[in-house]
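The values are calculated or read from the model by the stated rules, or taken from the named source; none is laboratory data. Bear in mind that the values here come from a model prediction, so they are computed numbers and not experimental data. Cβ atoms come from the backbone with ideal geometry, glycine included; neighbour counts cover every protein chain shown. For accessibility, only protein heavy atoms count, side chains too; no ligands or nucleic acids. Shrake-Rupley method; radii C 1.70, N 1.55, O 1.52, S 1.80 Å.
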Amino acid sequence: MKIRLRAWALALATTLTPLASQAGEIEWLQWFAAEETTGFYDKLVADFEAQHPDITVKLVTQPFGKVRESIVTDNAIGVGSDVLGLNMPWTKEFLDIGILEPLDDYLAREDNSFATDDLIEAPLGKIDGKTWMVPLNAFPFVMHVNMELVRKAGFDAPPTNWEEFAAQAKAISALQDGISGIGMPFSSQPPSNGPILTFLPLLYANGGRIMDGTTPNFDNPKVVETLQFLKDMNDAGSIAPGAASRTGGVDLEEFIAGRTGFLISPGVHSSSITSRNPDLDYTLVRVPSNGEKAYRVHGWELGISADSDNKEDAWTFVNYLLSPEVNAKAAVAANALPGNLAALDAVREGADETLIKQMEILEGDTPVEEMRQSPKAAGSWSVMTEELQAMLRGDKSPEEAAAAVQARWLELAQ
């Protein structure tokens with residue numbers, strides 16, 4: 001059975017159709033297919049429909065930057081999709097306006113195609129005592145390393161701890177000729193998400209956290225210690241100039257071009273790095289630890305709309321996507337790791353060295369994603385960005401920056 005796609009939906013890149021327009025038809029809104037060029041998701045839906053001839057899936061694909069806005073807007077006017085592609089930092093905002101269906105009863109079913117204990121832990125963390133999403137795949141945050149610059153700076157191996165990291169980044173920056181130790185993307189340009197790309201992975205490797213449950217807890221000693229580390233790196237000239245105007249995309253491009261020694265970002269960027277600069281002497285490692293093996297995890301999550309009239313069919317589709325065989329195929333298509341760890345062995349077959357290293361991190365370290373509990377995620381990112389900029393300019397101490405973020409977050413939460 002072919003996927004039903006209306007021509008006007010393609011032209012407008014969005015749909016405004018009533019939820020569950022008829023029994024047996026569900027709509028899946030996501031950005032996943034926009035980042036994949038082989039038609040994998042069309043084939044995936046066709047395979048599901050062949051196995052479930054009583055259910056039709058309407059695939060609605062938008063760019064990542066559009067999906068959150070569409071979900072919120074559609075919900076406000078009473079239209080939208082049944083199955084939702086989700087980004088974990090949107091969680092608290094979506095719960096506040098009642099978008100998501102709790103999934104605990106579905107996860108407790110004995111006939112599911114997967115074991116809940118095998119799913120990546122971070123998205124399953126309960127908020128208000130309930131589970132709201134499940135992971136399709138996972139991207140652990142790692143540190144990408146230009147080994148040529150590491151060796152030119154006089155070192156034989158990538159850094160494993162903060163002391164080694166600081167020494168190597170400073171030495172690489174001293175090579176000059178436009179070379180920097182590491183780029184830090186603290187631009188105020190939306191989505192202003194540089195701190196969650198770089199600061200949070202370092203904080204988690206320091207054993208720190210920014211939330212106490214759903215309450216902001218930014219002004220604690222571990223946060224201040226991590227901010228001080230960034231300030232010391234900046235004062236030493238180890239961070240690329242112009243951090244206040246740099247985005248994550250700029251830092252990725254600079255790393256690919258061989259102009260920075262290190263890049264902290266999702267492991268999925270390894271495919272861009274190796275394909276676009278195959279001559280780069282490149283590897284990836286854990287984010288250097290200051291006492292804990294923990295990583296920020298980002299991924300593509302799945303949820304069900306609270307207003308869907310076809311929740312049973314929606315769960316049938318989610319259950320299909322999480323089955324080990326299908327989940328492994330979806331991970332390979334995205335060059336990601338599976339949300340269902342039972343699919344790891346299938347993904348491991350034919351995986352390259354960088355993906356194997358990501359698997360080691362995924363299986364052995366602690367996954368963390370706190371932004372899913374923060375108030376008004378995009379606003380929280382902007383606050384962190386502004387205060388980090390002030391600290392790096394020398395306008396505030398790490399303690400003052402942490403206190404300012406805490407106060408402003410508490411205001412956002414009201």
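Numbers below:
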{"item": "Average silhouette area of the chain, convex hull of alpha-carbon atoms, in square nanometres", "result": "19.6"}
{"item": "D (Stokes-Einstein, µm²/s), Kirkwood Cα radius, the range 270-414, 1.306 mPa s at 10 °C", "result": "84"}
{"item": "Order of exposure, largest accessible area first, which applies to 313, 219, 212 with probe 1.4 Å", "result": "212, 219, 313"}
{"item": "Gyration tensor (alpha-carbon) shape descriptor, the range 41-191, a/c threshold 1.5", "result": "prolate"}
{"item": "Total charge dipole magnitude, the range 102-160, about the Cα centre, Cβ charges on Lys, Arg, Asp, Glu only, Debye to nearest 20", "result": "440"}
{"item": "With DNA, RNA and ligands ignored, accessible area of residue 357 (1.4 Å probe; Å², nearest 10)", "result": "50"}
{"item": "Interchain or long-range residues, amide H under 5 Å from residue 27's placed H", "result": "20, 58, 82, 83"}
{"item": "Net dipole in debye of the range 45-155 [+1 Lys, Arg Cβ; -1 Asp, Glu Cβ; about Cα centre; nearest 20]", "result": "760"}
{"item": "Accessible surface of the chain [probe 1.4 Å, protein heavy atoms]: carbon and sulfur percent", "result": "49"}
{"item": "Full-stretch length increase - residue 66, residue 34 - with 0.36 nm per residue and alpha-carbon distance subtracted", "result": "10.4 nm"}
{"item": "Cα centroid separation - the range 101-163 against the range 389-414, whole Å", "result": "28"}
{"item": "Accessible-area order (highest first, 1.4 angstrom probe) of the listed residues 119, 197", "result": "197, 119"}
{"item": "Value of relative contact order over the chain, rounded to a whole percent, pairs C-alpha under 8 Å and six or more apart", "result": "25"}
{"item": "DSSP-assigned coil residues among GluC sites (Glu not before Pro) in the range 279-370, each with at most 12 further Cβ atoms within 10 Å", "result": "349"}
{"item": "The range 21-98 - percent relative contact order, Cα under 8 Å, separation 6 or more", "result": "44"}
{"item": "Residue 46-residue 147 pseudo-label distance in nm [points 7 Å out on the Cα-to-Cβ vector]", "result": "4.1"}
{"item": "Test item: Cα-centred dipole of the chain, Lys/Arg +1 and Asp/Glu -1 on Cβ, debye", "result": "940"}
{"item": "Cβ-based charge dipole, the chain, positive-most Cα from 169, 134, 371", "result": "169"}
{"item": "Among beta bridges that DSSP assigns inside the chain, antiparallel share in %, nearest 5", "result": "60"}
{"item": "Accessible area, probe 1.4 Å, largest first, for residues 372, 259", "result": "259, 372"}
{"item": "Cα shape, the range 29-118, gyration tensor, a/c 1.5 rule", "result": "oblate"}
{"item": "Cα gyration tensor shape of the range 90-144, rounded if a/c is under 1.5, else prolate or oblate by comparing a/b with b/c", "result": "oblate"}
{"item": "Calculated FRET value between residue 130 and residue 175, using beta carbons and R₀ = 60 Å, to 0.05", "result": "0.70"}
{"item": "Estimated distance in nm for a label pair at residue 309 and residue 345, the labels positioned 7 Å out from Cα along Cα-to-Cβ", "result": "4.4"}
{"item": "Derived scalar couplings ³J(HN,Hα) [the range 194-199; Karplus, 6.51 cos²θ - 1.76 cosθ + 1.60; whole Hz; x for Gly, Pro]", "result": "x, x, 6, 7, 10, 5"}
{"item": "Mean Cα-pair separation over length for the range 111-252, i.e. relative contact order, pairs under 8 Å, 6 or more apart, %", "result": "24"}
